[in-house]
Amino acid sequence: MANGGKILVTGGAGYIGSHTVKLLQSLGLDVIVLDDLSTGRSDRVSCPLIVGSLSDRKLLERIFHEHAIDAVIHFAGSIIVEESVQFPDKYFENNVSNGLNLLDIMVENNVKKIIFSSSAAVYGEPHYVPVDEEHPKKPVNPYGETKWVFEKILRWYAQGHGLSSVSLRYFNAAGASLDASLGEDAPVVTHLISKVLRVAARQEPVVKIFGNDYKTPDGTCLRDYIHVEDLALAHHLALDKLKADSGVFYYNVGTGQGRSVAEVVNTCVEITEKMIPIEYAPRRPGDPAVLVADPTKIKTELGFVTKYSDLETIIRTAWVWHKKLVRH
Ligand code: UDP
C-alpha cells in the first residue's frame, strides 16, 4: 500500500473477512484485525488480532495511535435478515452507530480510505434484473436499510472530510477456500448452501425450500452465488482503486448468473453423493423471486474476473470444508 501503512480489517475473523485477510497477507500486505468474536473465530486469523468492539472509542483511539493505518476494510456488522426485522435496534447500533465511531476515528487520524461491506439488500425487491448499481434503493428489511444508510453516510463523509470509499454490494457469498483452511462457520446457519450441506451431513433432517411457486423456470428462487475467494479478490481490487483514485465508488459483486434453489440442492446431491431430503415450505417474507447482479461495472472499472464462482466449485469447496468442521 501507499505509505507502507497497515490495513485495518474490522470483522476480519468472520467468513468473508478471514478470506480477505488471507489473500492480502499472501500478497505481502501488512494487516491487523479488529473483531469482537461475537460470530468470528480467533483461529481463523493468522495476523495480529485485537479483540474488541467498534463501540469502544477508547480502544479505537489506541489502535489508531499505535498503528500507522493506511486503509480500513470494514466487514464488522450484523448480517441476519430475519433477526434484523425482530431487533432493528441491534442492527442500527451495530451497523450504523458503531460504524460512525470508526469513521470518526479515521477522520481524526487522517486515514482517508475505506472499503465497506455492503449488500444487494440495499436494492430491496428488484424492479428489473440483472440489477445494476443505479437500480433504485428500497431496502425491505432493517439489515438492508443499515447498509444503505451507511453508504449514504460515506458520501457525506467524502464531502465533509475527504474520505474515499468503495462500497461492495455482495450478492450471495458462498463456498470455502480451495485449501479448505477457511469457510463459513457461523453460530447461526441461515444460508442455503450451508443448510443443505448440514442435511447432507445428517446434522439436520430436511432442507426446507421456501417457495416453489415463483415465476422462475423451476418455481424456486434464483440467486447469484459468488465464491468467497472471488469476493476476497474484489476487496484487493478495491484497495488498488483507492490507491489510484479518490472519491466515492460502489460496485455489485456477483457473477450475473442466477442459479435456483432446486439447482443448488441437486448439485449438492451430486457432489456429496448423499441423500438430501427436501420439503416445500411457504415463501420466506421479503424473498425476491430473482436476485442477480449486473457485474459490468466492477468488471470494466476494476478488472474483476471470477475464477471459482461456478456452482460446482462453490459446493465442492464448501463440502470439503464442511466435512472438516463436522469432524472437529
Ligand atoms: N432458502 C431455502 N431454504 C433454506 C435457506 C434458504 O429455500 O433453508 C432459499 C431462500 O428462500 C432464497 C435462497 O435460498 O431464495 C438463498 O437464501 P439465503 O438465505 O442463502 O440468502 P439470501 O438470498 O436470502 O441472501
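Structure above, values below:
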{"quantity": "Rel. contact order, % - alpha carbon contacts under 8 angstrom, at least six apart, the chain", "calculated": "19 percent"}
{"quantity": "ARG198, ARG284 arranged by Cβ crowding within 10 Å, fewest neighbours leading", "calculated": "ARG284, ARG198"}
{"quantity": "Antiparallel content of DSSP bridges confined to the chain, in %, to 5", "calculated": "5 percent"}
{"quantity": "Residues whose placed amide H lies under 5 Å from that of SER119, excluding near-sequence neighbours", "calculated": "TYR170"}
{"quantity": "Sites matching chymotrypsin sites (Phe, Trp or Tyr not before Pro) across segment 91-158 that sit in DSSP coil, with at most 15 neighbouring C-beta atoms within 10 Å", "calculated": "TYR128"}
{"quantity": "Max mean-square fluctuation residue, GNM over the chain, Cα-Cα springs under 10 Å, options LEU168, LEU23, LEU54", "calculated": "LEU23"}
{"quantity": "Computed [θ] at 222 nm, helices only, for the chain once each DSSP H run of length n ≥ 4 contributes -39500 (n - 2.57)", "calculated": "-11500 deg cm²/dmol"}
{"quantity": "Dipole magnitude of the chain, debye to nearest 20 (Cβ charges: Lys/Arg +1, Asp/Glu -1, about Cα centre)", "calculated": "240 debye"}
{"quantity": "Highest-fluctuation residue, LYS138, LYS215, LYS241 considered, GNM on the chain with Cα pairs under 10 Å", "calculated": "LYS215"}
{"quantity": "Under 11 Å, Cβ to Cβ, from PRO205 - net charge with Lys/Arg +1 and Asp/Glu -1", "calculated": "+1"}
{"quantity": "Sorted peptide list for 44-52, 309-317, criterion being average Cβ within 10 angstrom, highest first", "calculated": "309-317, 44-52"}
{"quantity": "Summed side-chain charge close to LYS307 - residues other than LYS307 whose Cβ falls under 9 Å, Lys, Arg +1, Asp, Glu -1", "calculated": "-2"}
{"quantity": "Gaussian network model of the chain, Cα within-10 Å springs - most flexible of GLU279, GLU83, GLU151", "calculated": "GLU279"}
{"quantity": "Partners for LYS323 among lysines (Cα-Cα distance below 17 Å; same-chain residues under 8 apart left out)", "calculated": "LYS195, LYS274"}
{"quantity": "More than 31 angstrom apart: percent of Cα pairs within the chain", "calculated": "28 percent"}
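Read the figures in this text as sums done on the coordinates, not as results from a lab. What you see is a predicted model, and the numbers here were worked out from it, not measured in a lab. Heads up, the Cβs are rebuilt from the backbone with ideal geometry, glycines too, and the neighbour counts pull from every protein chain shown.
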